[in-house]
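Inspection log for the structure reproduced underneath, given as structure tokens.
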Amino acid sequence: MVSINACILSCIPLEEFSVYTFDASASQKIARYALICSLMLLGAWMLQHFLPALCWAGVLAIGTSKLYGPLAQPTSGAGTAMCGQR
């Protein structure tokens, strides 16, 4: 049995999706890695005040996950009727 994905992929010529790779000089490689590192550092600097809050959110989510389970289950049949389930 042939899958649909295999049929679709066999119809697409791979030459259209090939990426041209050129021989970069040493200075271009250094510049590329310097740009990548600087962008990563800029992103970390922008997120420095958000990351502690995100870590605490994870701690609180893990700590209260046992309390959320029983509260998420409906206690009467009316709650399930509102969700479209019976």
Task: For the range 49-66, 3J(HN,Hα) per residue [Karplus equation, 6.51 cos²θ - 1.76 cosθ + 1.60, θ = phi - 60°, Hz, x = Gly/Pro] - done: 8, 8, 5, x, 5, 5, 5, 5, 4, x, 5, 5, 5, 5, x, 9, 5, 5
- [ ] Along Cα→Cβ, 7 Å out, is where each label goes; now give me the distance between the ones at Ile62 and Ala26 in nm to one decimal.
- [x] 4.6 nm
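A short reminder: the numbers here are calculations on the coordinates, not readings from a lab. Source: prediction; values computed, not measured. Neighbour counts run over all protein chains shown; Cβ positions are idealised from the backbone, glycine included.
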